[in-house]
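The values are calculated or read from the model by the stated rules, or taken from the named source; none is laboratory data. Model, not experiment: these values are computed from the prediction. Please note that ligands, DNA and RNA were not included when accessible areas were found on the heavy atoms of the full protein model with its side chains. Shrake-Rupley method; radii C 1.70, N 1.55, O 1.52, S 1.80 Å.
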Amino acid sequence: MSGEDDGPRKEYMHYAGTSSLREEDKKDVSDGLNGTLTLKDGDVSAINGKPGSLIRILAESNGRSVVAERKIHSNGRSVTLPLGKRRELDLAPGDEIEWWIELVEREPDDGGSSSSSSTSTTSTDTSDEMEYKCLWFVGESEFHYIEDEDAEETQCGEPLDDREYRIEDEEPTGFLTVCPECNVKESSEMTNEEIVEWFGAEAGFDPGGGPPSYFNKEQLVKLREWALDLKERAEE
């Protein structure tokens, strides 16, 4: 495997297993992939992390390896492999990656402190805790979150190079909708419609075609197939 000599050593990291990246059908992504990696039960606690913790990811596929630092999504169950890193691995839909994780810094508890500096937890509401800015690429209908104006990519891993975009402190209203990969909340904070949309993005179906907060038969079939696939991969 290729990689930097002074990079992290997987024998000292927590093994997160293998993941198969699926095709992204909810938005226009240049590599056509959904970069969300699912964390299994016990992965986060194994590295003494929590939702919002900054972790280091070592991923291998196609005879190559990459290292990325990303925050655990606020649901505590997933993290995004950035677009640039997916390109370095030359990934295509269905390709499997093998990956390891380790803690870089932990998000402090409310009123507490951390052993190293960190930003606020990832959140998509407009409370005082949210320090992320909103960005949208000119000509697109979605907006994204970024940590600050010096960021090189959005929270979901979209690079900002050679693209025209706008940044605002407040969430835009009207014709723009939030990027599904950036919009990761605690489940209890989500509306029924947002949960249905999340399942649609994860299981690969259009959330439309019925009442906005309920599933029709075709969607339930997709959900069952998706859940069975996850169960089969976990057992393997």
query: How many residues does segment 27-42 hold that are open to solvent by 70 Å² or more (accessible area, probe 1.4 Å) and either within 14 Å of the chain's Cα centre (by Cα) or at pLDDT 85 or above (or both)?
result: 2
task: Go through segment 43-63 residue by residue and tally those that are more than 18 Å from residue 33 (Cα to Cα), over 13 Å from the mean Cα position of the chain (by Cα) and not in a loop (DSSP other than H, G, I, E, B).
output: 6
field: Residue in segment 185-196 that is under 17 Å from the mean Cα position of the chain (by Cα) and at pLDDT 70 or above present
entry: yes
query: Taking segment 48-81 only, how many residues are modelled with pLDDT of 90 or more, open to solvent by less than 20 Å² (accessible area, probe 1.4 Å) and of a type in the set (Ser, Thr, Tyr)?
result: 1
task: Spot the failing condition for residue 134; the list is (1) open to solvent by less than 50 Å² (accessible area, probe 1.4 Å); (2) modelled with pLDDT under 80, and only one is missed.
output: (2)
